[in-house]
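The values are calculated or read from the model by the stated rules, or taken from the named source; none is laboratory data. Here the structure is a predicted model, which is why all the values come from computation and not from measurement. Neighbour counts run over all protein chains shown; Cβ positions are idealised from the backbone, glycine included. Side chains are part of the model used for accessible areas, which takes the heavy atoms of the whole protein and leaves out ligands, DNA and RNA. Shrake-Rupley method; radii C 1.70, N 1.55, O 1.52, S 1.80 Å.
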Amino acid sequence: MALSSTTSRVAAVQMVSGADVAANLAQAEPLIAQAAGEGATLVLLPENFGLMGLHARDKIAVREPDGDGMQQAFLSATARRHRITLIGGSVPIACDDPARIKQALLVYGPDGARIARYDKIHLFRFTQGDENYDESKTISAGATTQSIVADCGRVGLSICYDVRFPELYRSYSDLTLIVVPAAFTVPTGAAHWETLLRARAIENQCYVLAAAQGGTHPGGRRTWGHSMLVDPWGEIVAQHVDGLGVVVGDIDRARIADVRARLPALAHRTL
C-alpha cells in the first residue's frame, strides 16, 4: 500500500547478539533486508548489535578506529545495498583511554556515507542479586547531543540508559522521532521499559522507535526485548516481544500535528 505524503515507514530490528561479531552481522542482515522489503526507509539496530560478549571488557578487544572496521563497513554497505538510512545502535569506537571505548551510535545514509555519530552520554549502573553492571568501567561517556534529518523529519539520537533522562530530549527541537537502541536487563525492562518509552513520546509529542536485544546471551545474561514503535499520544503502534524479529510502522506527521494542535503542551513550556 502506498504511503501518504505525510507518512514515512520505519523499522526496529530486535536481535539476540552473541560473542562473535561476524555471526551477529550475519544475524542482522536478513532482518534488515526484511524491514527494507516491507518499505522501511529508516532501520534501527539495537545497542551492542555487533557484540554481546561474556564480559563487559570483551568490547575492548573488538573496538574499531573511527571510520574503519568490520561493523562500520557492514553498516555502510548494508545501507547502500538497501537504499535506506541505517542506524547502528552502538559500535565500540576507540578513544584516548586504552581501557575504555566510546559507545557510538552511527548513522549511514542510502548512499552508504556516514551522516552522524552520537556517543552515549549516560552510563548504566545497576546492582540486583547476581546482576552487577557499571558501564563507566569500560565506556568513556559522550558529552554532545546529536540529531539528524531523515525522510520522516528530525530524529533525536540516544542509546538505552539515556531514555531515563528526559532533559536530554528537551535539548532537541521539533522532533518527529526519537530512536532508542537498547539492551535492557530483564528486571529493569519489566519494571520500566514501556513506561519510559511511552513517557518520552507523550512529553515530546513525537514518535519513539526502540530496538532492543531480546533473549539469552553468552554467559546467561538475559535482555528484555519488547522492541516497539510508540506514537505521539503514547499508544504502541507495533511491538515484538522476544527473540529475533522486526517491528515495522509508519511515522505520520499529520498525526503529530493533530496531537500538538489538540494538546499544545510544547507551546506551553515556560522552562
Considering only segment 141-154, I want to know if a residue exists there that is open to solvent by less than 30 Å² (accessible area, probe 1.4 Å), part of a strand (DSSP E or B), in contact with an Asp or Glu (Cβ under 9 Å, 6 or more places away or on another chain) and not hydroxyl-bearing (Ser, Thr, Tyr).
yes
Looking at segment 66-84, which of its residues are out of contact with any Pro (no Cβ under 7 Å at 6 or more places or on another chain) and of a type outside the set (D, E, K, R)?
GLY67, GLY69, MET70, GLN71, GLN72, ALA73, PHE74, LEU75, SER76, ALA77, THR78, HIS82
Any residue at all in segment 8-24 that is within 12 Å of ILE84 (Cβ to Cβ), hydrophobic (A, V, I, L, M, F, W, C) and open to solvent by 10 Å² or more (accessible area, probe 1.4 Å)?
no
Out of ARG253, ARG200, which single residue is under 20 Å from the mean Cα position of the chain (by Cα) and on the phi < 0 side of the Ramachandran plot?
ARG200
What's the number of the condition GLU167 fails, among (1) in contact with a Lys or Arg (Cβ under 8 Å, 6 or more places away or on another chain); (2) part of a helix (DSSP H, G or I)?
(1)
Report whether or not ASP130 is open to solvent by 20 Å² or more (accessible area, probe 1.4 Å) and on the phi > 0 side of the Ramachandran plot.
no
Out of (1) within 17 Å of LEU44 (Cβ to Cβ); (2) open to solvent by less than 50 Å² (accessible area, probe 1.4 Å); (3) touching a residue at least 40 places away in the same chain (Cβ under 8 Å); (4) touching a Phe, Trp or Tyr at 6+ places or on another chain (Cβ under 9 Å), what's the single condition that is false for ALA104?
(3)
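Considering each of LEU3, LEU44 in turn, give the residue that is in contact (Cβ under 8 Å) with a residue 24 or more places away in the chain, open to solvent by less than 60 Å² (accessible area, probe 1.4 Å) and closer than 14 Å to GLY249 by Cα.
On the way: LEU3 fails: open to solvent by less than 60 Å² (accessible area, probe 1.4 Å).
Step by step, each of LEU3, LEU44 is checked, and only LEU44 is in contact (Cβ under 8 Å) with a residue 24 or more places away in the chain, open to solvent by less than 60 Å² (accessible area, probe 1.4 Å) and closer than 14 Å to GLY249 by Cα.
Results for (1) open to solvent by 10 Å² or more (accessible area, probe 1.4 Å); (2) small (Gly, Ala, Ser); (3) over 16 Å from the mean Cα position of the chain (by Cα); (4) at positive phi, shown as yes or no for each residue.
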site	(1), (2), (3), (4)
VAL163	no, no, no, no
LEU177	no, no, no, no
VAL180	no, no, no, no
THR185	no, no, no, no
ALA190	yes, yes, yes, no
LEU196	yes, no, no, no
Filter segment 120-139 down to residues that are in a loop (DSSP other than H, G, I, E, B) and touching a residue at least 12 places away in the same chain (Cβ under 8 Å) and give me whichever is nearest to the chain's Cα centre (by Cα).
LYS120
Pairs needed: first member in segment 51-77, of a type in the set (Ser, Thr, Tyr); second member anywhere, part of a loop (DSSP other than H, G, I, E, B); C-beta distance under 6 Å; at least 6 residues apart or different chains.
SER76/GLY112
Examine segment 82-97 for a residue that is of a type in the set (Gly, Ala, Ser), outside any strand (DSSP E or B), open to solvent by 40 Å² or more (accessible area, probe 1.4 Å) and farther than 28 Å from ALA254 by Cα, and state whether such a residue exists.
no
Inspect segment 47-63 for any residue being charged (D, E, K, R), assigned to a loop (DSSP other than H, G, I, E, B), modelled with pLDDT of 95 or more and open to solvent by less than 10 Å² (accessible area, probe 1.4 Å) and give the result as yes or no.
yes
